[in-house]
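Working notes, beginning with the structure itself.
The values are calculated or read from the model by the stated rules, or taken from the named source; none is laboratory data. This is a predicted model, so every value here is computed, not measured. Positions of Cβ are generated from backbone atoms using ideal geometry, with glycine treated the same way; all protein chains shown enter the neighbour counts. The accessibility values were calculated without ligands, DNA or RNA, using every heavy atom of the protein model including side chains. Shrake-Rupley method; radii C 1.70, N 1.55, O 1.52, S 1.80 Å.
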Amino acid sequence: MITTLQSNGQTVTPSSSGYVPANGTQVYYQVYGKGKPLILLHGAYYTIQLNWGQLIPQLSQGRKVIAIELQGHGHTPYSDRSLVRTTLASDVEKVMDYLKIESADVAGYSFGGQIAYQFAIQSPERLRKLVIISAAHKTAGWVEEVTSGFKKMKPELFASSPLQAAYDAVAPDKSKWTKFLEQMMALAGEPFDLGDDNIAKIAASVLIISGDNDGMDKIELAKTYKLLGGDHSADLQPMPKSQLAIVPGQSHVSLMQQTDMLKVYLENFLK
């Protein structure tokens, strides 16, 4: 997974970027394009460019895209602040406040999808539509080999990887790389559950996208879709407001590289 990560797409220049004071730290953001706001939340260990570099040029053609780097990632400095999903979701709201965005669509990939779920739970009035790409709202949402792998991860696994190269290219203090990894890996090794009841209460329409072999437990994924009002016969009942897409022949990493497909899914759902 680590050796195949790359960003080889077209690049565009943000119309604005900077830092927002948020819950005792500084959170970095970039803004692209104009129109309805769409917030992008990256996966664990990624930067904006590494995660979204191929999609932003397309998504920003008709939208204002706000890409955020979460605590310790990319330009956002490492912090000894406790790494907590509720706080990270609050950071997203602080960025919205700073940019004077009342509500927005939110898309999150992997770890960013967890934060997007948490944002939907704690800030529902700020959310229009939600896109979850290859992410679970609880530990049981992953297959066992993934959850056991999280517990065995060591910083040296990422040495000289594209992830480290992306971090070194933009981090305000490259010496924090190992501490950042240790902080993230500690969180990944802890069981978590955002609550089925909380997911069922999400009022916004939700699009879930998953690769057929991306490490997510598809039985649990189907249960999540059912919590969101899906999984019934739309020939006999109204079409549910939420959607589920299982993409064939895709892993956790390769799914994010299907730029044209993801663009179509997002644009059709968010229109």
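Share of antiparallel DSSP beta bridges in the chain, in percent to the nearest 5? The partial results should precede the final answer.
Working: 14 of 38 bridges.
Here the antiparallel bridges make up roughly 35 percent for the chain.
Arranged from highest to lowest average of other beta-carbon atoms within 10 Å per residue, in what order do the peptides 108-117, 256-265 appear?
Values: 108-117: 26.2, 256-265: 17.2.
Packing order, densest peptide first, comes out as 108-117, 256-265.
Given H placed 1.01 Å from N in the peptide plane, which residues other than close sequence neighbours of I39 have an amide H under 5 Å from its amide H?
Those lying under 5 Å, H to H, from I39 are I66, D105, V106, A107.
I'd like the carbon and sulfur percentage of the solvent accessible area for the stretch 107-192, probe radius 1.4 Å, heavy atoms only, ligands and nucleic acids excluded.
Ligands and nucleic acids excluded, carbon and sulfur reach 53 percent.
If you scale each eigenvalue of the Cα gyration tensor by 5 and take the root, what three semi-axes come out for the stretch 134-198, rounded to whole angstrom and sorted largest first?
Ellipsoid semi-axes (Å, largest first): 27, 13, 11.
Kindly list the residues of the stretch 173-208 that lie in the label zone of N268, defined by a backbone N under 14 Å from the point 7 Å along the Cα-to-C-beta vector.
Residues 207-208 qualify, since their backbone N sits under 14 Å from the label point.
So how far, in whole Å, is the C-alpha centre of the stretch 235-261 from the one of the stretch 57-122?
First find each Cα centre; the distance between them is then 22 Å.
Quick query: amide H of S205 versus all other amide H atoms, modeled in the peptide plane; which residues come in under 5 Å with a sequence gap of 5 or more or a different chain?
Correct list: L130.
Taking only DSSP H segments of four or more residues, each worth -39500 (n - 2.57), what value at 222 nm results for the chain once the sum is divided by all its residues, to the nearest 500 deg cm²/dmol? Mind showing how you got there, number by number?
Working: 11 runs with 96 residues, N = 271.
About -10000 deg cm²/dmol.
Provide the gained length on full extension for the span T86 to S16, in nm with one decimal, where the gain is 0.36 nm per separating residue minus the Cα-Cα distance. Walk me through the intermediate numbers first.
On the way: separation 70, 0.36 × 70 = 25.20 nm, distance 2.65 nm.
Extending this stretch completely gives an extra 22.6 nm.
With every protein chain kept in place and ligands, DNA and RNA left out, what is the accessible area per residue of the stretch 182-240? Probe 1.4 Å, answer in Å².
52
Once you keep just the Cα pairs under 8 angstrom separated by 6 or more residues, what percentage relative contact order results for the chain?
Computed over the chain, the figure is 18 percent.
Give me the net charge for the shell around V146: Cβ to Cβ below 15 angstrom, other residues only, Lys and Arg +1, Asp and Glu -1. Before the final figure, lay out the partial values.
Values: positive: K138, K151, K152, K218; negative: E144, E145, E190, D212, D214, D217, E220.
Local charge sum for V146: -3.
Shape of the stretch 67-152 from its Cα gyration tensor (a ≥ b ≥ c, root eigenvalues): rounded if a/c is under 1.5, otherwise prolate when a/b > b/c, or oblate?
Judged from the Cα gyration tensor, the stretch 67-152 comes out oblate (a/c at least 1.5, b/c at or above a/b).
Holding the Cα-Cα limit at 28 Å, pick out from K154/K263; K151/K218; K100/K176; K64/K138; K179/K201; K94/K218 the pairs that are longer than that.
Cα-Cα > 28 Å for K154/K263; K100/K176; K64/K138; K179/K201; K94/K218; rest within.
Calculate what fraction, in whole %, of the accessible area of the stretch 47-87 sits on carbon and sulfur atoms when a 1.4 Å probe is rolled over the protein chains.
The nonpolar share, carbon plus sulfur, comes to 43 percent.
Report E144's accessible area, 1.4 Å probe, all protein chains in place, as a number in Å² to the nearest 10.
130
Taking θ as phi - 60°, what are the ³J(HN,Hα) couplings along the stretch 52-69 by the Karplus curve (6.51, -1.76, 1.60), each to the nearest whole Hz, with x for Gly and Pro?
3J(HN,Hα) across the stretch 52-69, in whole Hz: 10, x, 7, 9, 4, x, 7, 5, 7, 5, x, 9, 8, 9, 10, 9, 10, 9.
Assuming 0.36 nm per residue, please report the length gained on full extension of the stretch K34 to K218 beyond their Cα-Cα distance.
62.6 nm
Of Y117, L207, L40, whose Cα points farthest to the positive end of the dipole of the chain (charges on the beta-carbon: +1 Lys, Arg; -1 Asp, Glu; origin at the Cα centre)?
Final value for the positive-end residue is L40.
Apply the a/c threshold of 1.5 to the C-alpha gyration tensor of the chain and tell me whether it is rounded, prolate or oblate. Numbers along the way, then the final one.
Details: a/c = 1.42, a/b = 1.20, b/c = 1.19.
Verdict is rounded for the chain.
Tell me, what is the per residue accessible area of the stretch 17-121 in Å², probe radius 1.4 Å? Walk me through the numbers before you get to the answer.
On the way: 3120 Å² over 105 residues.
For the stretch 17-121, the per-residue accessible area is 30 Å².
Is any helix in the chain, taking whole DSSP H runs, at least 15 angstrom long along its axis by alpha carbon and on average at least -1.0 on the Kyte-Doolittle scale, and which ones?
85-98, 111-122, 177-188, 259-270
Just to confirm a number: summing +1 for Lys and Arg and -1 for Asp and Glu over residues other than I199 whose beta-carbon lies under 12 angstrom from that of I199, what do you get?
Net of charged neighbours comes to 0.
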